[in-house]
Amino acid sequence: MAVSTLAAAPAPPARPPYYPALTGLRAVAAYLVFFLHFRFVGQPDWLVRLTGQGYVGVGMFFVLSGFVIATRYPGSQPHTRAWWGRYLWRRVARIYPVYFLLNGWALARIYWPLPPGQAGSSLFLIALSQSMLRGFSNTLKFVGLPQGWSLTVEECFYLSAPLLLLAWQRRGWAGAAGFVAAVVGSGLLLTALCAGRPELHGLFGSYHHLFNFTFFGRVLEFVMGVGLARWWAGRPAAPAGRGLWLTLAGTLVMALAVAGLAALRSPIDTYDGLRYPAATALNILLFPAGVALLLAGLLAESTWLQRVLASRLAQALGRSSYFFYLLHVSPFSIWWQQHFGWGRHILAQFAATVLLSELGYRLVEKPLHRWLLARPAGRAKAAPQPA
């Protein structure tokens, strides 16, 4: 009897899992950072302290990144040269095009035309910023779009994530702990060698910078996300339950961390409070632990918060949140403040940034991403890896 050609055909590659509520949470993380940078005139001191902790939205992004990468790349695939090429191309395609355009816009506003006699130093700063290397420098990390320092951290995770996943696959928690120890130890050694040397232009210039602005100090946030993904993958397949304990516990831990940070910080709008070891621990340990618990709740529990974050509106805002994050402090925000005043019409500025980000995502980010993935470097011959 003839074998059916249809039956013999290979099954199409499985789609990567998609969690709508986690996409919606990305928008919340981006908006926290917006209201850190732009505040209403005349806010009371307690509200200044509270909104001054909006930088925790960056940590939320880091935990989410760890979960997403571990979900899509379980660590069991062979790490051939071709696999590495496709993986890195897809990571670059996801992050870099919009960064290159919006950061280039900011750099052009600052450095064009090149000032006479300073062309060399200006080109050096431009190259450092556009290559994302500026995040390693304590003094140059804010060149271009100031929030772009966090993308240096993100790209470091992308580069090292396959090694972390492989270590976890083979050695379990011991492999993950060894990875963390190697990363943190490398950062401590580099800072000990580089701090206090002005000729290095702030490269690994301080321990405060190490633990708050580099992957070497913030690696645990990503590892928490990876650990959550492995926990989730090992659970029996079941629909979300009716409990809410994980969601409540995560929210409570996050709130305690933010309250602690607000109590430790000065009401003056600076990052001085982060120099306290206790504040650093709250920022890179306690708060991301709360985020991991919250994500577990959004995955495993059916709650009103999960339904809100999984709504079509929240998902749309989440998909455009990366463009929003890069746009919110940019030549656009400078133009807005110059025309409408600092601290005035903040809600209108927020709405305008959201609208422009949605347009930017649909007309620029998404088409560029798809075009780059269609290039040969982003395609696999058999089962393609998810973007």
Which one of these does residue 302 not meet: (1) surrounded by fewer than 19 Cβ atoms within 10 Å (Cβ to Cβ); (2) in contact (Cβ under 8 Å) with a residue 12 or more places away in the chain; (3) in contact with a helix residue (DSSP H, G or I) (Cβ under 8 Å, 6 or more places away or on another chain)? (3)
Within region 180-205, considering residues that are touching a Gly at 6+ places or on another chain (Cβ under 9 Å) and in a loop (DSSP other than H, G, I, E, B), the one surrounded by the fewest Cβ atoms within 10 Å (Cβ to Cβ): 196
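Please determine, by comparing only the residues of region 61-85 that are small (Gly, Ala, Ser) and assigned to a loop (DSSP other than H, G, I, E, B), which one is farthest from residue 228 (Cα to Cα). Break it down stepwise before answering.
Step one: of region 61-85, the residues small (Gly, Ala, Ser) are 65-66, 70, 75-76, 82, 85.
Restricting the remaining residues to those that are assigned to a loop (DSSP other than H, G, I, E, B) gives 75-76.
Values: 75: 15, 76: 17 Å.
The qualifying residue farthest from residue 228 (Cα to Cα) is 76.
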Residue 221 is checked against (1) in contact with a Pro (Cβ under 8 Å, 6 or more places away or on another chain); (2) surrounded by fewer than 21 Cβ atoms within 10 Å (Cβ to Cβ) and fails just one. What number does that condition carry? (2)
Counting only residues that are farther than 25 Å from residue 370 by Cβ and in a loop (DSSP other than H, G, I, E, B), which one in region 108-138 is nearest to the chain's Cα centre (by Cα)? 138
Every residue from region 141-158 that is touching a residue at least 60 places away in the same chain (Cβ under 8 Å) and aliphatic (A, V, I, L, M): 145, 153
Given the structure, is residue 211 crowded, with 23+ Cβ neighbours inside 10 Å and either touching a Cys at 6+ places or on another chain (Cβ under 7 Å) or of a type outside the set (D, E, K, R) (or both)? no
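Every residue, every condition in (1) at pLDDT 95 or above; (2) over 26 Å from residue 86 (Cα atoms); (3) of a type in the set (D, E, K, R), yes or no:
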site: 145; (1), (2), (3): yes, yes, no
site: 150; (1), (2), (3): yes, no, no
site: 153; (1), (2), (3): yes, no, no
site: 165; (1), (2), (3): no, no, no
site: 170; (1), (2), (3): no, no, yes
site: 186; (1), (2), (3): yes, yes, no
site: 199; (1), (2), (3): no, yes, yes
site: 219; (1), (2), (3): yes, no, no
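Here is a yes/no grid of residues against (1) of a type in the set (Lys, Arg); (2) in contact with a Leu (Cβ under 6 Å, 6 or more places away or on another chain); (3) part of a helix (DSSP H, G or I); (4) in contact (Cβ under 8 Å) with a residue 40 or more places away in the chain:
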position	(1), (2), (3), (4)
21	no, yes, yes, yes
24	no, yes, yes, yes
31	no, no, yes, yes
34	no, no, yes, yes
59	no, no, yes, yes
90	yes, no, yes, yes
94	yes, no, yes, yes
106	no, yes, yes, yes
Given the conditions (1) surrounded by 21 or more Cβ atoms within 10 Å (Cβ to Cβ); (2) free of Cβ contacts under 8 Å to residues at least 40 places away in the same chain, and given that residue 168 satisfies all but one, which numbered condition is not satisfied? (2)
What's the number of the condition residue 13 fails, among (1) in contact with a Pro (Cβ under 9 Å, 6 or more places away or on another chain); (2) surrounded by 12 or more Cβ atoms within 10 Å (Cβ to Cβ); (3) over 20 Å from residue 165 (Cα atoms); (4) at pLDDT 75 or above? (4)
Take residue 158 and tell me if it is over 24 Å from residue 284 (Cβ atoms) and surrounded by 15 or more Cβ atoms within 10 Å (Cβ to Cβ). no
Within region 231-249, tally of residues that are assigned to a helix (DSSP H, G or I), touching a residue at least 24 places away in the same chain (Cβ under 8 Å) and surrounded by fewer than 21 Cβ atoms within 10 Å (Cβ to Cβ): 7
When region 305-336 is examined, which residues are found to be aromatic (Phe, Trp, Tyr) and surrounded by 20 or more Cβ atoms within 10 Å (Cβ to Cβ)? 322, 323, 324, 325, 336
Applying the selection to region 337-384, what residues are modelled with pLDDT of 95 or more, loosely packed, with under 13 Cβ neighbours inside 10 Å and closer than 16 Å to residue 35 by Cα? 351
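The values are calculated or read from the model by the stated rules, or taken from the named source; none is laboratory data. Keep in mind the model is a prediction, meaning the values are calculated, not measured. Reconstructed Cβ throughout: ideal geometry from the backbone, glycine too, with neighbour counts over all protein chains shown.
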